[in-house]
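S.K.: Next up is a structure, given as structure tokens.
Read-outs: derived from the displayed coordinates by stated rules, not from any lab. The shown structure was predicted, so the numbers you read here are calculated from the model rather than taken from an experiment. Counting neighbours? That spans all protein chains shown, and the Cβs are built from the backbone with ideal geometry, glycine included.
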Amino acid sequence: MIIATIKLSLNNLRKQKMRSFLTMLGIIIGITAVILITSVIAGAESLITNQFSSLGPTLVGVLPGASDDDGPPAAVMGIVITTLTDDDTAAIAKLPHIIAASSYVSAIEAINFESQKTTATVYGVSPDFPAISDTKITNGNFFTDDDKNGMSNVAVIGSQVREELFGETDALNQDIKIKQEKFHIIGILAEQGTVGFVNMDNTVMIPISTAQKKLLGIDHVGFVRARVDDEANIPGAVEEIKYLLRDRHNIRTEAEDDFSVRAVQDALTALGTITRALQFFLIAIVSISLLVGGIGIMNIMLAAVTERIKEIGLRKAVGAQRNHIVNQFLIETIIISFTGAIIGIIIGIALAYLTSIIVNQLGYQWDFVITLFSILLSCFFAFLIGLLFGLYPARKAARLDPIEALRYE
Amino acid sequence: MPLISIKNLQKIYKNEDVETMALAQATFDIEKGEFVAIMGPSGSGKSTLMHIIGFLDKPTSGSYIFNGQESRELTDDQMAEARNNQIGFVFQSFNLLPRTSVFENVKLPLLYSRVPAAEHKQRVTNAIIAVGLEHRADYLSNQLSGGEKQRVAIARALVNDPDLILADEPTGNLDSKSGGQIMKILQDLNDRGKTIIIVTHEKDTAEHARRIIQMKDGEAIRDFNVENRRTMRDGETLNK
């Protein structure tokens, strides 16, 4: 009986392909969204996690301006705070659990070599930078404390900058021009890809002092990064940095802080919370679209009941009982929503896969993740919608009086 | 025991406080193997009577006993079951499932019966052979002529081997040649022992039966055996 009913429903759906498709459309879109959203969020999470993790778990950042532990730093609001300096960095580097510390300033500048020209992010950093960022030098050396103290015009360039300015020729010991200043190339960075959302291959590293005085005309630094000797010492180190900076900046209470200290680990934890919240929020929105899709199905099924009154009358006349008719319509709606769900799952997976390919093409590591949970959730939703929105039309059909139904024109 | 026993049957329809007496008085028995025509003009109550006999409706008062079951004691599902395996319906407008094959149309009552699925094919084939449509079994219902459609409907009525075939104006939508074929099939079925009741307003059609119950204004006013019964031979047309 059930098999015959399923066959019958499939036949009915096949006879009106266009209408069946339109009926399913709401479900298809909703389920596609469920699959795509869960996949994109998982992919984005992997991307961000990878970016932060590539900085290393023992990295601690010091940003100018106060912020509570979860809020955005002052720089986001466009406020420039000038109290954080390279002397602070030097003091931080001397703290017990700190291996190395580096100041950072940055600017996007045009880089010239003879007639060749390119644009890159110019970083003014401390000589400790390679220890902080785990950067390797393939050719030449990184600059030293002497270069920093002497404000030397020396530069270490990323592989992409080298490629664009010099092609196949040797870049070492050549002079490039940034903002009318000549810089002598003393090293080439190993290829690294993006780290912390910065394309490390398209950068030029120069001594912090040179960048501050000769390029930017400032005394403060953009931010400071410090490497802690062990993950277990991170909370202690963070407190020590805060204590040190308050002392150096003559700050008495926490409320007056003109800096904030963040550990990469905290960022990862915060990220997890944010993505989970985002996921639930988006799925809540998708549920609404599925609800609308379900109402669409109910609408069509009600129309189908009216259209098939004569057929229902005949079925009842030849012996169909109420539950036979209920089953017939219910199975039909469940098949509609289930077929819609399967199409939605396929489209969702295809779109998620496409997204991962595109993002990977852009040079970011983006995992293609389809969770079993999202597929089971979709199937469950589809079944529930079919049942919920099929029941009313099915009961309406089953209650028809066979005599009136047969007479209906 | 007669197959059908009807006593003082009444049916009153209530529509927004207006009562209509569709059936005022009917008392008769029908034995197994009879061929009865219920005849009368429209509004005479013959359709109401047919609905009650066919377990599509229940009487307001009086008694209708079919095969020993009192219809008023049956639930909706029991009525459906009775319609399924004890009565075969043939309608004036055929009522086949559109865009569905002859085979599937004939099979329809079996879907709601207790007949095991393994027997379905044989039963459907036998019923289709009984109405001479074996060459059309795979045709879709909309590819058939009117007469063929009605033969499919008769095959469908036969498929569950019911005790009674109930035909409502079976030739009403047909030309006289097709109508003749249908009456011949019904007479042949009756000759082989099937009990048949047809409802018609045409005297000529009614005279193919062995007995006529005449209805007027909701009452069964005459009940008589047909003396010069019309019997159909192959190819004979119906006199309309």
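S.K.: Please return the longest range in chain A lying between exposed loop sites, taking trypsin sites (Lys or Arg not before Pro), DSSP loop only, at most 15 other beta-carbon atoms within 10 Å, and leaving the sites out.
M.R.: By the stated rule (loop sites, at most 15 other Cβ atoms within 10 Å), A:253-398.
S.K.: For segment A:310-365 and segment B:9-47, what is the centre-to-centre distance using only Cα atoms, to the nearest Å?
M.R.: 48 Å
S.K.: Hey, another quick one. Taking chain B as the reference, fit the longest principal axis to its C-alpha atoms, fit the long axis of helix B:117-130 to the helix C-alpha atoms, and give the angle between the two in degrees, 0 to 90, nearest 10.
M.R.: 90 degrees
S.K.: In what order do A:49, A:210, A:144 fall by count of nearby beta-carbon atoms within 10 Å, going from fewest to most?
M.R.: Result, fewest neighbours first: A:144, A:49, A:210.
S.K.: Taking beta carbons within 10 Å but only from partner chains, what does the mean come to for residues A:310-316?
M.R.: Whole-number average of other-chain Cβ neighbours for A:310-316 is 5.
S.K.: While we're here: Using label points projected 7 Å from each Cα along Cα→Cβ, tell me how many nm separate residue A:19 and residue A:177, to one decimal.
M.R.: Label at residue A:19, label at residue A:177, 7.6 nm between them.
S.K.: Between 0 and 90 degrees, rounded to the nearest ten: what's the tilt of helix A:17-53 against the longest Cα principal axis of chain A?
M.R.: That helix lies at roughly 20 degrees to the long axis.
S.K.: Turning to a different aspect of this structure: Divide by every residue of chain A the summed helix terms, -39500 (n - 2.57) for each DSSP H run of at least 4, and state the resulting mean residue ellipticity at 222 nm, rounded to the nearest 500 deg cm²/dmol.
M.R.: The per-residue figure over chain A is -18000 deg cm²/dmol.
S.K.: Calculate how many DSSP beta bridges within the protein assembly as shown are antiparallel, expressed in % of all such bridges and rounded to the nearest 5.
M.R.: Expressed as a percentage, antiparallel bridges in the protein assembly as shown total about 70.
S.K.: For the residue pair residue A:369 and residue A:2, what label-to-label distance in nm results when each label sits 7 Å from Cα along the Cα-to-beta-carbon direction?
M.R.: 3.6 nm
S.K.: Related question: Looking at the square roots a ≥ b ≥ c of the eigenvalues of the Cα gyration tensor of segment A:199-347, which shape do they give, rounded for a/c under 1.5, prolate if a/b is larger than b/c, or oblate?
M.R.: prolate
S.K.: Using per-residue counts of other Cβ atoms within 10 Å, averaged over each peptide, order A:350-358, B:67-75 from highest down.
M.R.: Packing proxy ranking, top to bottom: A:350-358, B:67-75.
S.K.: Still on this structure: Quick one: check the C-alpha center-to-center distance for segment A:1-45 versus segment B:65-108, whole angstrom.
M.R.: Rounded to whole Å, the Cα centres lie 35 Å apart.
S.K.: Something else: What's the angle, to the nearest 10 degrees (0 to 90), between helix A:2-15's Cα axis and the longest principal axis of chain A?
M.R.: In chain A, helix A:2-15 runs at an angle near 80 degrees to the longest axis.
S.K.: Please report the relative contact order for segment A:21-166, taking Cα pairs under 8 Å with a sequence separation of at least 6, and give it as a percent rounded to a whole number.
M.R.: 14 percent
S.K.: Could you give the spread of the C-alpha atoms of the protein assembly as shown along their three principal axes, from largest to smallest, in whole angstroms?
M.R.: Sorted largest first, the three principal extents are 135, 57, 39 Å.
S.K.: Can you give the net charge of the other residues whose Cβ lies under 15 Å from the Cβ of residue A:322, counting K and R as +1 and D and E as -1?
M.R.: Its environment carries a net charge of +2.
S.K.: Using helices alone, I'd like the mean residue ellipticity at 222 nm for chain B: each DSSP H run of four-plus residues gives -39500 (n - 2.57), total over residue count, nearest 500.
M.R.: Calculated mean residue ellipticity at 222 nm is -9500 deg cm²/dmol.
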